[in-house]
Structure formats: structure tokens, C-alpha cells
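Asks: Provided herewith is a single structure, encoded as C-alpha cells, for subsequent inquiry.
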Amino acid sequence: MTNDENIYLASVLRQKLKKEPLFHIINGECVPSLDNTMFANNSPHDNSFICMVAEGKSQDVDRAAQAAKNAFPSWSTLSIKKRRDLLYSIAEIIEKNAREIAILESLDTGQPIRFMQKAAIRGADNFRFFADKIVNARNGLSLPADEHINYTVRQPIGPVGIITPWNTPFMLSTWKIAPALAAGCTVVHKPAELSPVTAQCLTLLMQEAGLPPGVVNVVHGYGETAGKSLSEHPDVKAIAFVGESKTGSSIMRQGADTLKRVHFELGGKNPVVVFADADIERAVDAVIFMKYSLNGERCTSSSRVLIERSIYDKFNAQLTQRVKNLKIGNPLDPKTEIGPLISEKHLQKVQSYVQIGKEEGAKLLAQNTTDLDKSSGHYFSPTLFGDVDNKMRISQEEIFGPFLVSIPFDTEEQALEIANDIRYGLAAYLWTKDITRAHSFSHKINAGMVWVNSQNVRHLPTPFGGMKDSGIGRDGGDYSFDFYMETKNIAIAMGEHNIPKLGAQ
Ligand code: NAD
């Protein structure tokens with residue numbers, strides 16, 4: 001797709017969005033908020049109007065939760081074959097609409113189209129993967145004892161709430177909704193208020209593929225109102241949440257009265273540790289890709305690069321050159337590598353860390369200030385700081401933008417200490433050709449996922465999630481079913497084991 005083709009398709013899709021506000025989807029129908037309130041959704045590229053969005057409140061969440069509760073008995077008992085076929089049909093319909101999904105995602109989030117082209121394909125993969133796993137979801141263990149046969153089964157926990165962030169909303173929504181549906185749960189989805197378009201699109205496509213009314217419901221709105229009500233609702237048995245760590249704490253508090261089960265995928269400040277014996281060229285490629293793709297708005301991004309001192313200057317020089325060369329521009333242009341950040345507020349937050357870094361005494365190595373009309377869009381100049389001390393705020397706080405800090409180290413022990421000296425523990429990356437070090441370092445680092453000599457390559461059966469303030473629980477493979485399902489043990493007596501007789505004289 002050329003730039004012109006993308007811009008043309010985007011304008012066609014925008015005409016439609018302008019005319020039809022995004023309403024909630026409850027029990028299969030698009031409905032406005034009960035109090036008819038709406039808010040405007042604008043483009044990160046130039047702040048132009050995209051669409052109006054219904055602003056959900058507690059009464060709208062209540063309607064959606066009721067719909068999910070009513071749909072649960074029939075959805076949770078649908079035959080394996082029918083449910084699997086339906087998830088396959090959803091995957092197919094997503095793929096058929098991949099181009100539109102990519103354009104809408106790019107338009108709504110500011111993410112470069114070159115990365116969003118795969119969003120729909122990855123979403124479809126999620127549905128196919130969990131469709132294939134349905135057959136084993138209920139299976140459990142056989143745990144024989146002397147006088148009993150014990151076996152475990154799993155059953156869906158009930159209606160669940162899914163709350164998603166704005167950075168890559170389509171892929172992340174499918175990542176949560178596909179296993180929930182495969183497990184037999186019904187869903188109320190609260191997408192991020194800053195990028196609600198593709199969540200709507202996904203649910204409408206699922207319905208077109210034959211998903212019965214009420215199985216997936218969408219309530220738009222703000223976190224503090226719609227999200228809060230969802231996490232407090234008594235009929236919603238669990239909350240799968242992706243977003244900031246402090247929002248995770250709020251959700252935990254909000255869900256306490258109803259003893260909500262929670263699964264949290266939260267923030268990160270992930271280290272990449274580069275030893276002198278590494279394949280330097282590939283390590284540079286990976287560091288740049290993992291920090292500057294997706295506008296740096298990526299939970300698993302490589303935000304802190306720790307470099308062995310003997311190669312520190314050489315490595316930084318290569319990083320600096322690459323940052324200066326990054327192509328910033330309209331996210332719909334296939335050549336663009338960096339688009340605008342999601343909102344003015346987020347831009348100001350990311351921007352503020354440039355001043356903080358300077359005041360903390362770090363060295364500004366690169367700032368890509370490509371001449372671009374940034375007057376109304378939320379464009380940030382990709383930034384690299386060197387000579388960073390890990391105690392600095394720019395090294396400790398999640399900035400969530402194209403902003404990289406580089407830290408030198410002298411010994412393996414020191415590298416480990418720096419890597420682990422952080423409140424987060426989502427992902428870590430390690431570059432070395434020493435196989436013993438690769439294993440031992442990986443075991444000692446406190447992160448839920450470690451990639452060695454690799455960028456973040458996702459394999460769906462593997463566990464995804466973080467330690468420390470980066471999350472609770474794991475997604476992926478069978479791990480997802482542990483969250484969306486209850487495990488039950490069934491014990492059947494074999495023969496006549498001893499039952500003490502009370503009150504029998
Ligand atoms: P956010 O926490 O501000 O918002 C996420 C969602 O939570 C939104 O839908 C929002 O409306 C809702 N929300 C806000 N307050 C709420 C409340 N009190 N109760 C219920 N819901 C509430 O996060 P964001 O700014 O949209 O996304 C960026 C964050 O997401 C970053 O910290 C990033 O690291 C994280 N993230 C993590 C992963 C992961 O897998 N670990 C993946 C993507 C993004």
C-alpha cells in the first residue's frame with residue numbers, strides 16, 4: 001500500500017466515522033449511553049476530529065454486565081466444535097478486514113502503519129491459537145490416591161471485564177478476548193478512551209462472524225467512571241487489565257469488596273544488557289527496534305541499555321547515528337518509522353523528561369528534530385541520553401515514548417545489580433556469546449520474560465507477564481485458562497474407606 005492509497009482509504013473510513021458515533025455494544029446492539037453523553041475522539045497526527053464516542057457510566061456498565069450474565073449459560077455450554085468453529089470464523093473475518101483495521105489503528109493511535117499492518121494478522125492468530133486449545137481447556141489432572149480417584153476439571157469463571165490501554169488496542173484486545181471466549185467466559189470490554197475505534201470494529205466483526213448477542217459487550221468511557229464501575233460490578237467475576245501500574249493498584253482496591261480475581265499486565269522499564277562479546281550490529285538493531293518502534297509506547301520496550309564499558313562509546317555512537325536517521329512523519333505513510341504520541345498530555349509528560357535528564361546531569365547524545373509540521377500533532381523528537389546513572393529518574397520511571405537511556409557497566413555483577421535495581425520486572429534482553437553467562441544471568445535477573453540475543457519474538461504457548469510492579473499473572477498458552485477458569489477437584493471413592501462414625505453409640 002502506498003502513502004496515497006492509505007490516505008485515500010483513511011479518508012473514506014473517516015467519513016463513515018464522522019457520521020456514526022461509536023456507541024456501546026450491549027447485547028448485540030449499538031446503543032447510546034443512558035444519559036446520552038458523548039466525548040470527541042481526535043487524531044494524534046493533527047488533532048483533527050475523528051468521531052464522537054458514547055461516554056459510559058455505571059448504569060451502562062450495569063446493562064452490559066447483565067447482558068454478559070444472561071449470555072453466560074448458553075455460551076459456556078456451547079459444544080467445543082461450535083465454539084472452535086466460531087473462533088476460526090472470527091479469525092477469518094479479521095484477516096479479510098486487515099487493511100481497514102490497520103488504517104483505523106494507525107489513524108486512532110498514531111502508530112506507524114508499517115507496524116500496524118500485522119496487528120490484524122496477530123489478532124487473527126490469537127483467535128486461531130486459542131480455538132485450537134479449547135479441546136484441552138477443561139481437561140485436568142488425574143491424581144490417584146489409595147482409596148480415591150481424584151481428577152481435576154476446569155470451568156469458566158463467569159462474565160469477565162477486560163480493560164485495555166491505548167497503545168496497540170486491537171492486538172491487545174484480541175489477546176484477552178480470544179482466551180476468555182475459548183474458556184467459555186462472556187465479556188464486558190472497556191477500551192481506552194484515547195483509542196476506542198478498533199475495539200468497536202473488532203466486536204462488530206465478531207458479531208458478523210456469528211458471535212451471539214451479549215457474549216462480548218463494549219462499554220466506552222473513562223477509566224475513573226466506566227472502568228471503575230466495571231471493576232466494582234458484582235456480576236463480573238474477574239478483571240483482565242493491561243495498563244499502568246498505578247491503575248492496577250486502583251483496580252485492586254475497587255475490586256476488593258467483590259473479591260475480584262485480577263490479572264494485571266502493567267508498566268515496564270526493561271533493561272537490555274550488552275556484553276563486549278556480543279554481535280554488536282545485531283544488538284544495535286534490536287535496541288533501536290525495541291525502543292523506537294511503536295513510538296516507544298510499548299510495555300516490553302528496551303528502555304534502559306546497559307553497555308559494557310569497553311564498547312560503550314562505540315555502541316553509543318551507532319545508537320546516536322540511528323536515532324538521528326529515524327524517519328518521523330504521518331503514521332499513514334509506509335516510510336514513517338516514528339509517528340505522533342497518543343495525546344497532548346502524554347507528549348508533555350515524555351517531553352518533560354528531556355529537561356529532567358539534563359538537570360540530572362545525563363548527556364543528551366541525540367535528539368532527532370526532523371523538520372516537520374508538529375504545530376498541532378503530538379510529535380516528540382526521538383531522544384537518547386548517555387552517561388546515565390541508574391538512580392536518575394530518567395532511568396527509574398516509565399516514560400513510554402521514544403526515549404532511551406544508556407548506562408555503562410564494568411562487571412557482570414554490576415550489570416545484574418543495575419538491571420534488577422528497579423521497581424519493574426516485565427522483560428529483559430541479554431546480548432552475549434558466552435553460553436554459561438547467558439543461562440546464569442537469565443536465571444538471576446528479575447523479569448517475567450528474558451530474551452537472549454533476540455528482540456521480543458512472541459511465541460503464543462509461552463507465558464507472558466511481569467514480576468514486581470509489572471504485573472500479576474501470566475497470559476499465553478494454558479496459563480490464560482488458569483485465569484479465565486476455575487479449577488475443581490473431583491474425588492471418587494473406590495471401595496469402602498474408613499468413615500468415622502459419630503453419634504452412633
Ligand atoms: P492506563 O492505566 O492509564 O489506562 C488503561 C485502561 O485503564 C484504560 O482503558 C483506562 O480508561 C482504564 N482505567 C484508568 N483508570 C481506571 C480505574 N480507576 N479503574 C478502571 N479502569 C481504569 O494506561 P494507558 O496509559 O492507557 O497505557 C499505558 C500503560 O500500559 C503503560 O504503563 C504500559 O506499560 C502499559 N502496558 C502494559 C502492557 C503489558 O503487557 N505489561 C502492554 C501494553 C501497555
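The values are calculated or read from the model by the stated rules, or taken from the named source; none is laboratory data. Please read all numbers here as calculations on a predicted model, not as lab measurements. Please note: Cβ atoms are built from the backbone with ideal geometry, for glycine as well, and neighbour counts cover all protein chains shown.
Asks: Given the criterion more than 7 Å from the ligand (Cβ to nearest atom) and in contact with a Leu (Cβ under 6 Å, 6 or more places away or on another chain), identify the matching residue among GLY248, GLY221.
Replies: Only one candidate qualifies: GLY248.
Asks: Let me ask you something else. Please name all residue pairs, on different chains or six or more residues apart, with Cβ atoms under 9 Å, provided the first residue is in region 336-349 and is without any contact (Cβ under 8 Å) to a residue 60 or more places away in the chain and the second residue is small (Gly, Ala, Ser) and within 14 Å of the ligand (Cβ to nearest atom).
Replies: Here the result reads HIS346/GLY401; LEU347/GLY401; LYS349/GLY401, each pair linking region 336-349 to a residue that is small (Gly, Ala, Ser) and within 14 Å of the ligand (Cβ to nearest atom).
Asks: So which residues in region 121-177 are in a loop (DSSP other than H, G, I, E, B) and of a type in the set (Asp, Glu)?
Replies: ASP146, GLU147 - these are the residues of region 121-177 that are in a loop (DSSP other than H, G, I, E, B) and of a type in the set (Asp, Glu).
Asks: Tell me which residues, restricted to region 210-227, are over 15 Å from SER173 (Cβ atoms) and touching a residue at least 60 places away in the same chain (Cβ under 8 Å). Steps first, answer last, please.
Replies: The first filter runs over region 210-227 and keeps only residues over 15 Å from SER173 (Cβ atoms), leaving 210, 212-214, 221-226.
Once the filter is applied, which keeps residues that are over 15 Å from SER173 (Cβ atoms) and touching a residue at least 60 places away in the same chain (Cβ under 8 Å), region 210-227 yields GLY210, PRO212, PRO213, GLY214, GLY221, TYR222, GLY223, THR225, ALA226.
Asks: Of all residues in region 237-248, which are outside any strand (DSSP E or B) and within 17 Å of the chain's Cα centre (by Cα)?
Replies: The first filter runs over region 237-248 and keeps only residues outside any strand (DSSP E or B), leaving 237, 243-248.
Hits for region 237-248 are GLY243, GLU244, SER245, LYS246, THR247, GLY248.
Asks: Also, I was wondering about something else. So which of VAL323, VAL274, VAL262 is buried (at least 24 other Cβ atoms within 10 Å of the Cβ) and among the β-branched types (Val, Ile, Thr)? Give the steps one after another, and end with the answer.
Replies: Details: VAL323 fails: buried (at least 24 other Cβ atoms within 10 Å of the Cβ); VAL262 fails: buried (at least 24 other Cβ atoms within 10 Å of the Cβ).
Answer to the check: VAL274.
Asks: Would you check which residues across region 422-481 are of a type in the set (A, V, I, L, M) and either within 25 Å of MET171 (Cα to Cα) or in the same structural domain as ILE121 (by TED's automatic domain parsing) (or both) and list them?
Replies: So the first thing to find is which residues in region 422-481 are of a type in the set (A, V, I, L, M), and the list is 422, 426-428, 430, 435, 438, 445, 447, 449-450, 452, 457, 460, 467, 472.
Matches in region 422-481: LEU426, ALA427, ALA428, ALA447, MET449, VAL450, VAL452, VAL457, LEU460, MET467, ILE472.
Asks: Considering only residues of region 224-238 that are in contact with a helix residue (DSSP H, G or I) (Cβ under 7 Å, 6 or more places away or on another chain) and within 8 Å of the ligand (Cβ to nearest atom), which is nearest to SER442 (Cα to Cα)?
Replies: If we take residues in region 224-238 being in contact with a helix residue (DSSP H, G or I) (Cβ under 7 Å, 6 or more places away or on another chain) and within 8 Å of the ligand (Cβ to nearest atom), then SER231 is nearest to SER442 (Cα to Cα).
Asks: Looking only at region 290-301, how many residues end up being touching a strand residue (DSSP E or B) at 6+ places or on another chain (Cβ under 8 Å) and within 13 Å of the ligand (Cβ to nearest atom)? Before you say what the answer is, go through the steps one by one.
Replies: If we filter region 290-301 for residues that are touching a strand residue (DSSP E or B) at 6+ places or on another chain (Cβ under 8 Å), which is where we start, we get 290-292, 295-296, 299-300.
Subset that is within 13 Å of the ligand (Cβ to nearest atom): 295-296, 299-300.
Total satisfying the criteria: 4.
Asks: Taking only region 298-326 into account, find how many residues are part of a loop (DSSP other than H, G, I, E, B) and within 14 Å of ALA286 (Cβ to Cβ). Full working, then the answer.
Replies: Residues of region 298-326 part of a loop (DSSP other than H, G, I, E, B): 298-303, 326.
From what is left, the residues that are within 14 Å of ALA286 (Cβ to Cβ) are 298, 300-303.
Residues that pass the stated criteria total 5.
Asks: Residues that are not aliphatic (A, V, I, L, M): list the strands (runs of 3 or more DSSP E) wholly contained in region 412-505 that include at least 2 such residues. Break it down stepwise before answering.
Replies: Values: elements: 427-431, 449-452, 485-493.
Here the list reads 427-431, 485-493.
Asks: Return the residues of region 260-289 that are away from the ligand (no atom under 16 Å from the Cβ) and closer than 17 Å to GLY401 by Cα; say none if nothing qualifies. I'd like the intermediate steps shown before the answer.
Replies: Filtering region 260-289 down to residues away from the ligand (no atom under 16 Å from the Cβ) leaves 272-289.
VAL272, ALA286, VAL287, ILE288, PHE289, listed by residue number.
Asks: Quick test of your reading of the structure: GLU20 fulfils all but one of (1) surrounded by 17 or more Cβ atoms within 10 Å (Cβ to Cβ); (2) modelled with pLDDT under 95; (3) among the acidic types (Asp, Glu). Name the failing condition by number.
Replies: So GLU20 meets the others, but not (1).
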